[in-house]
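Remarks on the structure that follows.
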Amino acid sequence: MKIMNEMPITRFNINHYAENLIEKDGVFFSRDTEEISYPAEGYDVHFGIEDNSFWFKHRNNCIVSLVRKYAHDRLIFDIGGGNGFVSQGLRGADIQTCLVEPSIEGCLNAKRRGLTNIICADMKNARFKAGIIPAIGLFDVIEHVENDVEFLNYINKILMPEGYLFIAVPAYNILWSNEDIDLGHFRRYTLRALKKVLGETGFEIVYSTYIFSFLIIPILFFRTLPSRLGITKSGGAVKSSKFKKEHNAGQRGIVGNVLAKFMSLELSQIKKSRAIPFGGSCLVVARKV
């Protein structure tokens, strides 16, 4: 497991952005807490696979490419950022980042990664000030939020004028499986549906695409259909050895070589601002109107 203790440390005044935080052992905590729709064991499971997972690596590469293009000089708040894997990638690309994560497990794992700007709080209890945050990342977050419109309205409120919002979400309800249930998802999205809710909450779309185009068929046959046929049951999918093997599939051999070519092609398309027409996830850059 890669623990990054040698990255340059960049600190800023976190209390300039929020009003309800206290610092303890290098982490800022809210004075209140709320439940989140995510399994507690998921943090340690993901922490054990993120560094070697083709899925997490490719998503990070796509995210970093877009943040570099649209907000390289802005402080970005990685909200619901889990163990800090995305924040670590952004910081490694010299992008100033603050992790906001309601789970103490995720925050402690992020601290092990060498991250220094960490807020352990949900959005409501952190009490972020209005119109002050330059950029926000919601990477596989809003599918965990029951009322996405209310949540995105709040995100719009705390972003500064013309602030940037970067979003990744799982795609297509037709691909719904027991893994979605185990992970605490309320829905999956199409780009059309995501653009609609962003438009309703005061954002304009700057760029949008699907990613993981090569995973549509595997998800359908190895997750969705077994779930619908009752072959696999909800409960424990995230902890299973099968889950870990799936994420480690791209490390070597023929499968690894094929995945590497697909991921390289997708990343090239994103860097050229071209849209990928379908995929297992949606990736959107929006701006506060």
| request: Count charges around residue 24 for me, please; just the other residues with Cβ under 14 Å from its Cβ, Lys/Arg as +1, Asp/Glu as -1. | output: 0
| message | I need the helices of the chain that pass two filters: whole DSSP H segments spanning 20 Å or more by Cα along the axis, and mean Kyte-Doolittle score no lower than -0.5. | response | 54-71, 253-271
| List the cysteines of the chain that have no other Cys Cβ closer than 4.7 Å: which are they? | 62, 98, 282
| remark: Sorted by chain and number, the residues with a modelled amide H under 5 Å from that of residue 140, at a separation of 5 or more or across chains, are 168, 169
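How long are the semi-axes of the equivalent ellipsoid of region 136-262, defined as square roots of 5 times the Cα gyration tensor eigenvalues? Whole Å, largest first.
Over the Cα atoms of region 136-262, the ellipsoid semi-axes are 30, 18, 13 Å.
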| field | Computed [θ] at 222 nm, deg cm²/dmol, the chain (DSSP H ≥ 4; -39,500 (n - 2.57); rounded to nearest 500) | value | -10500 deg cm²/dmol
| So, in Å, what gap is there between the alpha-carbon centers of region 78-135 and region 164-228? | 23 Å
| task | Note down the net charge around residue 205, summing +1 for each Lys or Arg and -1 for each Asp or Glu among other residues with Cβ under 9 Å from its Cβ. | result | +1
| In a shell of Cβ-Cβ distance under 9 Å around residue 289, excluding residue 289 itself, what net charge do Lys and Arg (+1) and Asp and Glu (-1) give? | 0
| query | Among the trypsin sites (Lys or Arg not before Pro) within region 248-289, which fall in a DSSP loop and have no more than 15 other Cβ atoms within 10 Å of their own Cβ? | reply | 252, 272, 274
| field | Calculated log₁₀ intensity ratio I(q)/I(0) where the Debye formula runs over C-alpha points of region 14-288, q = 0.10, 0.16 Å⁻¹ | value | -0.49, -1.36
| said: Nearest 5 percent is fine: what portion of the DSSP beta bridges confined to the chain is antiparallel? | reply: 55 percent
| remark: For the pair residue 231 and residue 51, the simple spin-label estimate (label points 7 Å beyond Cα toward Cβ) gives in nm 3.4 nm
| request: Tell me which residues come under 5 Å, amide H to amide H, from residue 29 once H is placed; ignore anything under 5 positions away on its chain. | output: 22, 23, 24, 120
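Every number here is computed from the coordinates shown, using simple stated rules; none is lab data. Source: prediction; values computed, not measured. Note that each Cβ is placed from the backbone with ideal geometry, even for glycine, and that neighbours are counted across all protein chains shown.
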